[in-house]
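FYI, it's all coordinate maths here, none of it is from the lab. Only a predicted model underlies this, so the values are computations on that prediction, with no experimental measurement involved. Because the Cβ atoms are built from the backbone with ideal geometry, glycine has one as well, and the counts that use them run over all protein chains shown.
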Amino acid sequence: MVQQLKQPFYTHLNETAAEVESCVAHSGMRTIEYLDSLGLFNYGGGGYHCVHVSEREMDILQSRNMSVITCPGSNTKLASGVAPVYEYLRRGIPVAIGTDGPASNNCLDFFREMFLTTGLQKLSHGAEAVDAVDVLTMACKNGAYACGFSDCDCLAIGKQADLIMIDLHQPNMQPLNNIEKNIVYSGSKQNVVLTMVAGKVLYERGEFYIGEDPERIYAEANRIIRGMK
């Protein structure tokens, strides 16, 4: 279908060592090498996780203009490993940030994902590695790029009004010494006071405007989980 439609391909890639070992056992190639041999990356796309990636596979990602979407919260919870984000950035491979799903990352807190993205890289590459500006670029512009969106990568006339507003007048955001570092190292989802998508306000100061009653959603979720016990 990729060849027929000439469209980018997106999938989870090299999330665990066991996944890669299984692919080698069945095909004689590592996962990214095997999928590339099938032509699935001919039109670019994105790989989620990309934790256990060889130098050869990084070459493939780079040459195929693939984006990497790192999901450090999920990878930490499941003990999958730490994606080599520092190396991807050094090679010029675009990196975006994801959360994976609630089954493997209960919180889905993008602020926590930003902190983990930089913090885990610093453990191996030093305190200056993957700074706050790098992380915000991954969280915003690179996320749009990875999805192939050109109309919501920044705030500009003629582009989608996709944005959040953050309350800086909170203890964790003071003093206002460096806004980028405040957001990445100190920020929390509790600081978000407004969420807007395509110019429509979906959340503002504790109230949701999503066309559904949140209480009904909570009740249904709890009903389902009780039935699973």
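Counting only Cβ charges, +1 for Lys and Arg and -1 for Asp and Glu, the dipole size of the chain around its Cα centre is about 160 debye. Pairs of Cα atoms nearer than 8 Å and 6+ residues apart set the relative contact order; for the range 146-229 it is 22 percent. Within the chain, what percent of beta bridges assigned by DSSP are antiparallel, to the nearest 5? Among the beta bridges of the chain, antiparallel pairing accounts for roughly 45 percent.
Find out how many positive minus negative residues lie around Met58, taking Lys and Arg as positive, Asp and Glu as negative, among other residues whose Cβ is under 13 Å from that of Met58. Taking every other residue near Met58 into account, the sum is -1.
What range in the chain is the longest one free of GluC sites (Glu not before Pro) that are in a loop by DSSP and have at most 14 other Cβ atoms within 10 angstrom? Formally, the longest exposed-site-free interval is 1-127. Each Lys and Arg Cβ is given +1 and each Asp and Glu Cβ -1; about its Cα centre, the range 161-229 then shows a dipole of about 320 debye.
Please list, by residue number, every one of the trypsin sites (Lys or Arg not before Pro) in the range 1-107 that is coil in DSSP and has at most 11 other beta-carbon atoms within 10 Å. Sites meeting the loop and neighbour criteria: Lys6. Magnitude of the charge dipole for the range 39-106, about its Cα centre and with charges confined to Cβ atoms of Lys, Arg (+1) and Asp, Glu (-1), is about 60 debye. Here the contact order of the range 2-150, divided by its residue count and restricted to Cα pairs under 8 Å and six or more residues apart, works out to 20 percent. Where does helix 214-228 land angle-wise versus the long Cα axis of the chain, in degrees 0 to 90, nearest 10? For 214-228 against the chain, the angle is about 50 degrees. Calculated from the structure, semi-axes √(5λ) of the Cα gyration tensor in Å equals which of (i) 31, 30, 17; (ii) 30, 17, 16; (iii) 31, 22, 20? Identified label for the calculated read-out: (iii). Pairs of Cα atoms nearer than 8 Å and 6+ residues apart set the relative contact order; for the range 180-229 it is 17 percent. Given a Förster distance of 25 Å, report the FRET efficiency between Ala127 and Ser37 from their Cβ-Cβ distance, rounded to the nearest 0.05. Working from the Cβ atoms, E equals 0.05. Summary of the geometry: the range 183-229 and the range 41-84, compared by the centres of their Cα atoms, lie 29 Å apart.
Placing a pseudo-label 7 Å from each Cα along the Cα-to-Cβ vector at Ile217 and Leu168 gives an inter-label distance of 2.9 nm.
Residue order for Thr11, Thr70, Thr16, fewest other beta carbons within 10 angstrom first, comes to Thr11, Thr16, Thr70. A Förster distance of 25 Å, applied to the separation of the beta-carbon atoms of Phe149 and Ala103, puts the FRET efficiency at 0.45. Kirkwood hydrodynamic radius computed over the range 161-229 comes to 14.3 Å, based on all pairs of distinct alpha carbons.
Across the options Asn42, Val201, Ile69, the greatest Cα extent toward the positive end of the charge dipole of the chain (unit charges at beta carbon of Lys, Arg, Asp, Glu) belongs to Val201.
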